[in-house]
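Read-outs throughout are calculated quantities, based only on the coordinates presented, and are distinct from any laboratory measurement. These numbers come from a predicted model, not from an experiment. In this analysis, Cβ positions are derived from the backbone assuming ideal geometry, glycine residues included, and neighbour counts consider all displayed protein chains.
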Amino acid sequence: MEKYGEEREERKEKEAILPPLPYAEKGKVIMRFAPNPNGPATLGSARGMIVNGEYAKIYDGKLVLRFDDTDPRTKRPMLEAYEWYIEDLAWLGYRADEVVYASKRISVYYEHVEKLIEMGHAYACLCKKDEFKRYRDSGIECPHRNLPPEESLDIWEKMLGGEFEEGEAVIRIKTDMKHKDPAIRDWVAFRIIFESHPLVGDKYIVYPTLDFESAIEDHLHGITHIIRGKDLIDSERRQKYIYKYFGWEYPVTKHWGRIKIHEFGKLSTSSIKKEIEKGTFTGWDDPRVPTLRALRRRGFESEAIKKFFLSLGVGENDISVSMKNLYAENRKLIDEKANRYFFVESPVLIEISGVEGVEGKNNIKLPLNPVKGGFRTLKASNRVYISENDLKRFEEGNVIRLKEFCNIRLIDKRNLEFKFAGWKIEGAKKGKNIIHWLPVEDSMDCVVLAPERDHSGKVERAVVNEVGKVVQFERFAFCRIEGVARNESSEVRAVYTHP
RNA sequence: GCUCCGGUGGUGUAGCCCGGCCAAUCAUACGGGACUCUCGAUUCCGUGACCCGGGUUCAAAUCCCGGCCGGAGCACCA
């Protein structure tokens with residue numbers, strides 16, 4: 001009997017919680033999050049930050065933020081993005097115990113590859129790309145594979161000395177040319193790239209590949225667990241050769257599948273970049289883009305994003321989720337905080353005959369917040385804006401309730417003629433005829449930047465006190481008030497959060 | 001093509017390792033009612049799933065085999 005009661009108590013505060021991490025010991029876990037800063041963090045990056053960060057927290061462990069920025073060309077790092085990643089990580093509530101920039105540690109990787117060459121576990125390969133591909137596909141060792149280490153080392157020195165052109169020489173890790181998975185066979189660890197690096201300039205012309213750099217760094221930083229996308233699942237198989245050669249122990253790994261967000265489709269960092277350059281998007285924080293910066297701008301709470309990802313878990317199957325789930329999480333957090341205001345989209349100015357001076361009403365009090373209480377006031381005017389969308393729904397003779405204000409009767413739709421029809425709500429209470437409105441005297445222009453299209457209309461003057469905050473435009477959506485233009489129109493700019 | 005991985009309601013997810021307590025959890029979505037001077041919140045009720053076919057077993061969502069479907073890797077990208 002008692003047990004039953006306890007169970008019921010626990011049921012109500014059920015938090016999305018990550019399953020236990022295999023072989024994890026409290027205080028000894030070291031996780032890492034390793035992005036390429038070729039653009040700002042996206043929703044996808046958030047998953048990496050949250051899952052890894054959360055496990056580090058759960059086990060009182062450490063979190064290493066490592067920038068895998070070793071390709072200055074194909075995945076060229078963006079200078080500002082380094083700092084943005086740190087900001088976004090902090091926003092989500094995680095702190096990196098250590099921040100590592102791979103591009104600044106290239107000499108460390110040189111030392112390791114030299115050792116491997118000396119040991120005969122890596123070699124300098126002079127095959128052309130497609131030439132090697134043929135060897136790999138047919139499982140035959142290339143002629144350079146069994147070069148004596150001294151010769152490989154010699155070529156390596158020449159690579160570093162700039163005596164080779166791009167593509168003429170690479171360093172490969174010996175695995176097994178007969179490995180049943182061709183993807184594993186003698187992979188490239190270093191290649192020549194004549195391109196200035198945004199962070200380290202022209203210091204290097206020989207760069208390590210992700211597989212090599214990552215393998216070395218994970219060991220050097222004592223990473224105990226790696227959780228990443230399953231696109232990197234083969235990395236593990238490749239990197240394990242290095243671990244074997246050095247006698248190191250490979251971290252415990254876990255992978256998540258591909259995630260597709262219905263609303264954003266296949267937007268990748270590089271495609272967003274292209275659209276920004278073309279001018280389709282205004283920037284990395286354009287509300288139409290799935291970056292964390294954009295979501296923050298829209299007024300999402302990091303806690304909602306966190307819960308959203310924790311609820312997805314770390315399964316290996318590919319998923320396709322809707323932003324509606326994120327909206328639901330966010331709504332739970334902001335509904336009670338957001339103050340209520342009226343925003344009239346596509347405003348139509350109407351005149352109501354017979355309101356003025358009635359019973360001495362000058363101002364109308366409207367509730368400001370459903371939990372905190374408070375109120376805002378609007379002038380009891382006979383000239384008000386209502387939304388075109390609402391107007392369309394009514395016919396002549398209909399009685400419409402202007403929320404918290406009065407009832408009006410539509411007399412002549414064509415000439416927008418309305419007549420005062422009483423103060424009491426009574427008859428209007430049921431149904432869809434309660435609408436929001438704005439007195440001309442208290443309204444300002446407003447534009448709402450939204451994912452599908454921008455909305456323009458009129459908003460209550462009082463929102464100027466809500467800059468930076470998320471409010472709810474009643475019967476419209478939650479929006480974040482971004483600012484007020486300084487020009488004579490003093491237009492309010494808001495960003496759409498979600499319905 | 002080769003190599004891996006995965007398939008639980010519309011969408012996610014728990015359960016699968018250690019078969020029975022699963023006529024399958026939770027969230028979200030959807031439908032309907034109540035409440036509220038918001039198309040928000042709250043509340044009540046409801047709809048809805050173990051990919052298919054064999055096998056093992058007293059018993060299978062759970063184990064085995066085959067098929068189908070989906071995805072990833074096969075880059076001098078990350």
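Which pairs, out of A:104/A:128; A:230/A:260; A:365/A:458; A:273/A:469; A:75/A:254, put more than 23 Å between their alpha-carbon atoms?
Working: A:104/A:128 29 Å; A:230/A:260 14 Å; A:365/A:458 19 Å; A:273/A:469 28 Å; A:75/A:254 25 Å.
Too far apart for the 23 Å limit: A:104/A:128; A:273/A:469; A:75/A:254.
With θ taken as phi - 60° and the coefficients 6.51, -1.76 and 1.60, list the Karplus ³J(HN,Hα) couplings across region A:377-391 in order, rounded to whole Hz; mark glycine and proline as x.
10, 10, 5, 7, 9, 9, 10, 10, 9, 10, 6, 4, 4, 6, 3
For region A:441-499, run through the GluC sites (Glu not before Pro) and keep only the ones in DSSP coil with at most 11 other Cβ atoms within 10 Å of their Cβ. Could you put the intermediate results ahead of the total?
Values: sites: A:441, A:452, A:460, A:466, A:474, A:482, A:488, A:491; in loops: A:452, A:474, A:488, A:491.
Those satisfying the criteria are A:452, A:488.
Expressed in nm to one decimal, what extension gain is obtained for the pair residue A:425 and residue A:413 from 0.36 nm per residue of sequence separation less their Cα-Cα distance?
Values: separation 12, 0.36 × 12 = 4.32 nm, distance 2.24 nm.
The span from residue A:425 to residue A:413 would gain 2.1 nm if fully extended.
Using only Cα atoms, what is the ratio of the radius of gyration of region A:419-494 to 2.2 N^0.38 Å? Mind dumping the intermediate values first?
Values: Rg = 14.8 Å, N = 76, 2.2 N^0.38 = 11.4 Å.
Here the Cα radius of gyration is 1.30 times the empirical estimate.
Please report the equivalent ellipsoid semi-axes of region A:47-103, computed as sqrt(5 x eigenvalue) of the Cα gyration tensor, largest first, in whole Å. Show your work: numbers first, answer last.
Details: eigenvalues 106, 27, 17 Å².
Ellipsoid semi-axes (Å, largest first): 23, 12, 9.
Dipole of region A:328-440, Cα-centred, from +1 at each Lys and Arg C-beta and -1 at each Asp and Glu C-beta, to the nearest 20 debye?
Details: 22 positive and 15 negative charges, 76 e Å.
For this selection, approximately 360 debye.
Two-decimal Rg/Rh of region A:275-396 from alpha-carbon positions, Kirkwood Rh? Write out the running numbers ahead of the final one.
Working: Rg = 21.3 Å, Rh = 18.9 Å.
That ratio equals 1.13.
Amide H to amide H, which residues 5 or more places from residue A:92 or on other chains are under 5 Å from it, using H placed in the peptide plane?
none
I need the P(r) histogram for region A:338-499: all alpha carbon pairs, bin width 10 Å from 0 out to the longest distance, whole percents.
Pairs per bin, as whole percents: 11, 40, 35, 14, 0.
Rounded to the nearest 500 deg cm²/dmol, what is the calculated helix-only ellipticity per residue at 222 nm for chain A, with -39500 (n - 2.57) per DSSP H run of length n ≥ 4?
Working: 13 runs with 146 residues, N = 499.
After summing the helix terms and dividing by the residues of chain A, the value is -9000 deg cm²/dmol.
Hey, what do the phi angles of region A:334-351 turn into as Karplus ³J(HN,Hα) couplings, whole Hz, using 6.51/-1.76/1.60 and θ = phi - 60°, x for Gly and Pro?
Whole-Hz 3J(HN,Hα) from phi for region A:334-351: 9, 3, 7, 8, 6, 6, 9, 9, 9, 10, 9, 7, 6, x, 10, 7, 10, 10.
Can you work out ³J(HN,Hα) from phi for every residue in region A:49-63, in order, using Karplus 6.51 cos²θ - 1.76 cosθ + 1.60 and θ = phi - 60°, giving whole Hz and x for Gly and Pro?
5, 5, 5, 5, x, 5, 5, 4, 5, 4, 9, 6, x, 10, 10
For a quick check: sort A:17, A:226 by the number of other beta carbons within 10 angstrom, fewest at the front. Numbers along the way, then the final one.
Numbers: A:17 11, A:226 22.
Listing A:17, A:226 from fewest to most nearby Cβ atoms yields A:17, A:226.
Antiparallel versus total DSSP beta bridges in region A:338-499: what percent is that, nearest 5? List each step's numbers first, then the result.
On the way: 40 of 52 bridges.
Approximately 75 percent, going by the DSSP bridge assignments.
So what's region A:114-271 giving for Rg/Rh, alpha carbon basis, Kirkwood Rh from the mean inverse pair distance? Provide the component values of the computation, followed by the final result.
Values: Rg = 17.2 Å, Rh = 17.3 Å.
Ratio value, two decimals: 1.00.
Quick one: what Rg and Dmax do you get for chain A from the alpha carbons, in Å?
Both quantities, over Cα of chain A: 30.7, 102 Å.
Using only the alpha carbons of region A:289-328, what is the convex hull's orientation-averaged projected area in square nanometres?
Values: hull surface 12.4 nm².
The number I arrive at for region A:289-328 is 3.1 nm².
Given H placed 1.01 Å from N in the peptide plane, which residues other than close sequence neighbours of residue A:36 have an amide H under 5 Å from its amide H?
Residues meeting the criterion, in which the H sits 1.01 Å from N, are A:68.
Could you tell me what percent of the DSSP beta bridges with both partners in chain A are antiparallel, to the nearest 5?
Numbers: 53 of 81 bridges.
Beta bridges within chain A, antiparallel portion: roughly 65 percent.
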